[in-house]
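One structure is given below, encoded as structure tokens.
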Amino acid sequence: MKKGISIKNLTKVFVINQKNKVVAVDDVTLEVKPGEFVTLLGPSGCGKTTLLRMIAGFETLTAGDIYIGEENIGAQTPDKRDTAMVFQNYALFPHMNVFDNIAYGLKIRKLPKTEIKQRVQKILDLMKMNDFAHRVPAQMSGGQQQRVSLARALVMEPGVLLFDEPLSNLDAKLRIHMRDEIRKIQKEVGITSIYVTHDQSEAMGLSDKIVIMKDGVIQQIGTPREIYQKPINAFVAGFIGKTNVVEGKIMSTNNSNYEVDIQGITHMVKSDNKLSVGDKVSMMLRPESIIVEGEQYDGIVTKSMFMGENHEYEVKWNDQILQISESNPFGRDIYEIGDTMKIGFDEKALHIL
Amino acid sequence: MSNNKKQIVKDKSNFQLRMITEVEVMKKVFSDPILLGAIVTVLTIVTMFIVFPLVNILKESFIYEDKFSIHHYSEIYRLSYNKDIILNTLKLGVTVSLLSTVVGFIFAYASAYVKIKFKKILNGIAILPIISPPFVIGLSAILLFGRMGIITRGIFGMKNAEIYGFHGLVLVQVLTFFPVAFLVLVGLLEQIDPSVEEASRDLGASRWKVFSTITLPLMAPGIANAALLVFIQSVADFGNPMVIGGNYTTMAVQIYMQGIGSLNMSGATALAIILLLVSVSAFITQKFYLGKKSYVTVTGKVSRRRELISEKKVVTPLSITVILVSIFVGMMYILIPIGSFIKLWGVNYSLTLDHYKYVFGLGFKPIFDTLKLAMIATPITGILSMVIAFLVIRRKFLGRAYIDFVTMLSIAIPGTVVGLGYVITYNKPPLVLTGTGIILIIAFVMRSMPVGIRSGMASLQQIDPSIEEAASALGASSKKVFTSITIPMIKPALFSGLVYAFARSMTLVSTIIFLVSAKYNLLTVATMSQIDQGRIGVASVYSTLLIIIVGSMIALMRFALSKMGVSQEDIKL
């Protein structure tokens with residue numbers, strides 16, 4: 001059963017002692033549609049895991065409400081909630097084999113044996129894990145264990161699936177593989193999912209919607225594209241991908257089209273912000289949006305590093321260092337440190353913060 | 001590799017290659033005289049004072065009237081009295097180990113999983129019996145429940161209350177040994193990753209279901225482990241059965257009675273071998289079978305702190321149990337100093353300093369002797385333990401596995417067996433040591449060293465050997481590496497080893513009761529003979545002083561160590 005989640009003014013305060021307290025989740029309101037895949041993204045300590053654990057029922061609520069479907073679940077214990085969680089460290093039961101691990105929750109529900117067997121078998125088929133059914137966790141690799149953990153949650157057919165940084169203990173290659181697999185299976189099953197991570201590429205690849213958090217407060221909610229291209233503030237811009245911030249001044253306005261002067265050259269920039277002539281603005285410019293040999297500005301190369309799929313430069317331009325990423329630098333000599341580089345800005349990529 | 005060498009590798013069998021390696025290793029050892037000296041010394045000590053006495057007991061047990069015979073064993077089988085003693089010991093061991101494990105588990109669960117007030121105090125009380133002298137609990141039990149006990153006689157007016165015997169012994173041993181189970185189990189419970197239990201809860205399990213399907217099964221090997229450890233301690237225990245056993249005789253007591261009491265050493269040897277087999281097989285089961293079965297280590301590192309259970313229906317019953325047991329244990333400790341000021345327990349409760357006057361007059365020698373010998377034994381134990389730990393973990397040499405195995409096994413050898421072995425082995429030329437202070441010091445060292453070695457090994461294993469390799473690559477000799485690198489790094493283990501060695505030496509009974517003489521009488525033995533003579537007041541003074549000496553020594557060492565920059569947490573007992 002697909003169910004939506006509705007989180008209203010949720011707050012969690014940890015009281016450490018008489019004097020100190022931490023507001024881990026601060027007045028969070030969030031709507032998740034049935035079947036949607038939402039990622040909570042932010043640096044460590046931003047409250048994303050606490051928020052997830054509140055949905056699962058492992059943390060009590062200080063204030064606010066959580067609805068799964070129509071039901072207010074704020075006061076329910078974890079075993080009564082229609083959620084299933086995939087843990088960062090797998091949290092498999094070490095004294096049970098794969099089959100029994102997956103069957104555990106169904107047994108707790110006291111389903112008939114034949115149905116349990118059937119449902120576990122279906123999941124094992126879906127995850128292509130039939131060969132592992134009788135292994136115990138200690139005999140499996142991290143990636144295999146995490147698949148069992150996912151299977152154990154999926155077999156419950158929960159209203160909501162919760163992921164607590166499930167890939168962070170895996171190595172880089174396996175992480176990408178598992179990421180794709182999670183997305184594929186989630187699409188197939190169509191289950192409402194909330195996924196916590198601090199890895200932005202994971203968030204980009206998986207999510208219908210990303211929620212960026214900092215210090216317990218939601219900074220921005222949007223599709224991966226929106227978050228990347230139209231970050232709401234410098235924190236979001238900096239957290240998702242590398243970024244440059246350049247300063248400019250509004251020269252003229254025409255509805256949401258602005259003429260912005262950057263170091264004596266005028267650029268046309270679109271923005272929903274309400275700005276007037278003479279305003280000073282900060283604009284985000286991604287490293288890949290700076291054009292090498294763009295013939296607009298001069299800079300001095302201070303770092304030059306070949307990374308394979310792209311070439312990274314740092315260029316001193318006026319009083320700041322610009323990061324530049326040039327992809328496919330074929331057929332041209334690279335710039336060395338100390339060289340003067342002509343650069344230009346891709347106007348469409350300028351985003352007023 | 002040159003072609004020549006390649007050829008050698010091809011031609012030789014695996015066995016030959018191994019021998020070549022061994023020879024190379026030996027060459028390396030022989031080129032380092034200090035290392036060689038240390039290895040030879042350690043091999044000699046281990047063989048002379050652990051292996052040889054046991055071999056002698058075994059030999060003696062098969063000799064009757066100067067011929068090989070199974071007479072001593074058939075005697076045991078023939079005399080129903082001796083058979084009863086064996087059954088008594090096992091029955092006591094099993095009962096105490098089951099009860100102690102249950103109490104220990106309740107304490108451990110309350111400590112690791114439940115929100116309880118005064119947790120630190122409760123934990124402290126729970127481990128008191130481990131660091132305190134023997135008989136404290138036995139003596140208190142007499143004061144409380146004996147013929148003149150304040151509860152039995154004073155409150156219930158019973159005239160013939162009987163603390164002596166099986167029931168009293170079970171009570172006293174459970175209170176003495178449940179902390180062993182507690183410490184083992186609390187360590188394991190804390191290692192369970194909370195997310196495993198959260199996963200179960202998340203999948204619909206109630207609190208009780210989580211406990212019965214996850215926590216308990218995960219702990220099963222650990223629980224068996226704790227039970228076996230308690231069993232080993234119970235069957236080896238000498239002091240409590242001696243003081244409070246009454247007619248319920250156990251093997252450890254009988255070995256002493258027969259050996260020293262009836263001067264029938266060879267008769268005692270067969271019983272000693274049986275006792276040894278019982279405790280060593282329990283130890284081997286625990287070490288090699290259960291040791292490998294632990295699930296807890298599989299759950300991996302603990303990812304987050306456990307949310308302590310705060311639901312009243314769990315907290316209230318557990319709190320009450322834990323607090324009641326703690327109060328009971330605490331009371332037993334308060335009773336001893338009180339008893340030391342009472343004229344005649346059960347008859348005349350007026351206050352007096354007579355017992356103290358006696359102890360500081362005529363009865364002072366045991367205190368002085370014990371202190372002196374323990375002070376000598378403590379540094380020897382400390383250094384020897386660290387040297388052995390270092391050799392076993394960090395060096396390759398012939399005999400390494402032997403030292404490792406023997407010192408580990410010696411943890412499980414009952415003290416009475418060791419005492420008997422020393423008496424048989426060192427009362428005749430070439431080496432006559434009985435009656436001297438030296439054999440007492442050796443006993444102190446040998447009884448506390450195995451634990452010191454294990455803690456030294458544990459801390460060495462956590463230190464990357466490349467640190468020592470770096471020192472020796474920079475030109476340090478093996479002695480220099482040990483003193484300038486190894487010792488400073490394992491300082492906490494060394495110092496906690498010292499504290500342990502001192503406390504253990506001061507409170508040792510079983511082994512040294514075979515070895516004391518008119519020249520050297522020790523505190524614990526003196527206490528026991530006072531209890532035996534019914535002089536409870538004097539026994540209480542001795543016990544009180546022993547608690548004060550050991551307690552203040554621990555405090556003093558902790559203070560000295562904190563001045564030297566060793567943190568409090570590193571000094572465990």
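The values are calculated or read from the model by the stated rules, or taken from the named source; none is laboratory data. Values in this document were obtained by computation on a predicted structure and should not be read as measured data. Glycine also receives a Cβ, built like all others from the backbone with ideal geometry; neighbour counts cover every protein chain displayed. Calculation scope for accessible area: heavy atoms of the full protein, side chains included, ligands and nucleic acids excluded. Shrake-Rupley method; radii C 1.70, N 1.55, O 1.52, S 1.80 Å.
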ask   = With Cβ to Cβ distances under 12 Å as the rule, what net charge do the other residues near A:Asn255 carry (K, R +1; D, E -1)?
value = +1
task = Round to the nearest 0.05 the FRET efficiency obtained for B:Ser212 and B:Met489 when R0 = 56 Å and r is the Cβ-Cβ distance.
result = 0.80
ask   = What fraction of the DSSP beta bridges in chain A is antiparallel, stated in percent and rounded to the nearest 5?
value = 75 percent
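As a test, work out the antiparallel percent of DSSP beta bridges whose residues both lie in segment A:244-352, rounded to the nearest 5.
Values: 40 of 40 bridges.
Looking only at bridges with both residues in segment A:244-352, the antiparallel portion is about 100 percent.
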inquiry  = Apply the Karplus curve 6.51 cos²θ - 1.76 cosθ + 1.60, θ = phi - 60°, to the phi angles in segment A:288-304 and return the couplings in whole Hz, x for Gly and Pro.
reply    = 7, 9, 8, 8, 6, 6, x, 6, 10, 10, 9, x, 10, 6, 10, 8, 9
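Report, to two decimal places, the Cα Rg of the protein assembly as shown normalised by 2.2 N^0.38 Å (N = number of residues).
Numbers: Rg = 36.4 Å, N = 926, 2.2 N^0.38 = 29.5 Å.
Taking N as the residue count of the protein assembly as shown, the ratio is 1.23.
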remark   = Given B:171-183, A:12-24, the highest-first ranking by average Cβ count within 10 Å works out to B:171-183, A:12-24
inquiry  = Could you compute how much accessible surface B:Ile76 exposes when probed at 1.4 Å, giving the result in Å² to the nearest 10?
reply    = 10 Å²
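Given the rule -39500 (n - 2.57) for each run of at least 4 DSSP H residues, summed and divided by the residues of chain B, what is its mean residue ellipticity at 222 nm, to the nearest 500 deg cm²/dmol? Don't jump to the answer; show the numbers that get you there.
Numbers: 26 runs with 386 residues, N = 573.
The helix-only estimate for chain B comes to -22000 deg cm²/dmol at 222 nm.
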message = How far apart, in nanometres, would the label points at A:Glu295 and B:Ile34 be if each is projected 7 angstrom from Cα along the Cα-to-Cβ direction?
response = 7.7 nm
request  = Starting from segment B:26-102, pick out the chymotrypsin sites (Phe, Trp or Tyr not before Pro) whose DSSP state is loop and whose Cβ has at most 14 other Cβ atoms within 10 Å.
outcome  = none
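Taking each residue in A:92-105, count the Cβ atoms of any other chain within 10 Å of its Cβ, then average. What number comes out?
Details: counts 7, 12, 13, 13, 4, 0, 0, 0, 0, 2, 1, 0, 8, 6.
That average works out to 5.
Shielding by partners for A:169-182, please: the mean number of other protein chain Cβ atoms within 10 Å of each residue's Cβ. Spell out each step's value before the answer.
Working: counts 2, 0, 0, 0, 0, 0, 0, 0, 0, 0, 0, 0, 0, 0.
For this peptide, the per-residue mean of nearby foreign Cβ atoms is 0.
Nearest-5 percent of antiparallel DSSP beta bridges in the protein assembly as shown? It would help to have the intermediate numbers written out before the result.
Numbers: 64 of 83 bridges.
Of those bridges, close to 75 percent are antiparallel.
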task = Pop the C-beta distance of B:Leu344 and B:Ile548 into the FRET formula with R0 = 30 Å and round what comes out to the nearest 0.05.
result = 0.80
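With charges set only on the Cβ (+1 for Lys and Arg, -1 for Asp and Glu), what does the dipole of chain A come to about its Cα centre, in debye to the nearest 20? Mind showing how you got there, number by number?
On the way: 43 positive and 45 negative charges, 383 e Å.
Once rounded to the nearest 20, the dipole reads 1840 debye.
What do you reckon, how do A:His177, A:His95, A:His267 stack up by accessible area (1.4 Å probe), largest on top?
Details: A:His177 100, A:His95 40, A:His267 0 Å².
Ranked list, largest accessible area first: A:His177, A:His95, A:His267.
Could you sort B:397-404, B:185-192, A:249-256 so that the peptide with the highest average Cβ count within 10 Å comes first and the rest follow in order?
Numbers: B:397-404: 15.6, B:185-192: 19.5, A:249-256: 12.5.
Per-residue mean Cβ counts within 10 Å order the peptides as B:185-192, B:397-404, A:249-256.
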query = So how far, in whole Å, is the C-alpha centre of segment B:59-122 from the one of segment A:37-53?
reply = 54 Å
remark   = Partner shielding of A:77-85, as the mean number of partner chain Cβ atoms within 10 Å, equals 5
Listed residue (B:Ile403, A:Leu161, B:Phe135) projecting farthest to the positive dipole end of the protein assembly as shown, Cβ model = B:Phe135
key: On Cα atoms only, tilt of A:172-189 relative to the major axis of chain A in degrees   = 60 degrees
note = Once all protein chains are kept in place, B:Lys59 shows an accessible area at probe 1.4 Å, nearest 10 Å², of 120 Å²
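When only Cα pairs under 8 Å and 6 or more residues apart are kept, what is the percent relative contact order across segment A:244-352? Don't skip to the end; give the middle numbers.
Details: 244 pairs, mean separation 32.0, N = 109.
The normalised contact order for segment A:244-352 reaches 29 percent.
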inquiry  = If I take every Cα pair under 8 Å that is 6 or more residues apart in chain A, average their sequence separation and divide by the length, what percent do I get for the relative contact order?
reply    = 16 percent
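Which percent of the accessible area of the protein assembly as shown is formed by carbon and sulfur heavy atoms (probe 1.4 angstrom)? Don't skip to the answer; put the middle values down first.
Values: 25720 of 43170 Å².
Accessible surface attributable to carbon and sulfur in the protein assembly as shown totals 60 percent.
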ask   = Using unit Cβ charges (K, R positive; D, E negative) and no other charged atoms, how large, in debye to the nearest 20, is the dipole of the protein assembly as shown about its Cα centre?
value = 3220 debye
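Can you list which of the trypsin sites (Lys or Arg not before Pro) found in segment B:445-553 are DSSP loop residues with at most 14 other C-beta atoms within 10 Å? Display every interim value, and only then the final one.
On the way: sites: B:Arg447, B:Arg454, B:Lys479, B:Lys480, B:Arg504, B:Lys519, B:Arg535; in loops: B:Lys519, B:Arg535.
Passing both the DSSP loop test and the Cβ count: B:Lys519.
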query = Which sequence of B:Thr425, B:Thr95 reflects their accessible areas, 1.4 Å probe, from the largest down?
reply = B:Thr95, B:Thr425
remark   = Across the alpha-carbon set of chain B, Rg over Rh with Rh taken as the Kirkwood radius works out to 0.99
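Please go through the residue pairs A:Lys80/B:Lys209; A:Lys214/A:Lys280; A:Lys128/A:Lys184; A:Lys12/B:Lys119; A:Lys122/A:Lys187 and name each one whose alpha carbons sit more than 22 Å apart in this structure.
Working: A:Lys80/B:Lys209 13 Å; A:Lys214/A:Lys280 26 Å; A:Lys128/A:Lys184 13 Å; A:Lys12/B:Lys119 27 Å; A:Lys122/A:Lys187 17 Å.
Pairs exceeding the cut-off: A:Lys214/A:Lys280; A:Lys12/B:Lys119.
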Area accessible to solvent at A:Glu157, 1.4 Å probe radius, in Å² = 100 Å²
inquiry  = I need the chymotrypsin sites (Phe, Trp or Tyr not before Pro) found in segment A:44-98, filtered to DSSP loop residues with at most 16 other beta carbons within 10 Å of theirs.
reply    = none
ask   = Picking from A:Pro78, A:Pro137, A:Ile66, whose Cα lies most toward the positive end of the charge dipole for segment A:5-238 (charges on Cβ: Lys, Arg +1; Asp, Glu -1)?
value = A:Pro137
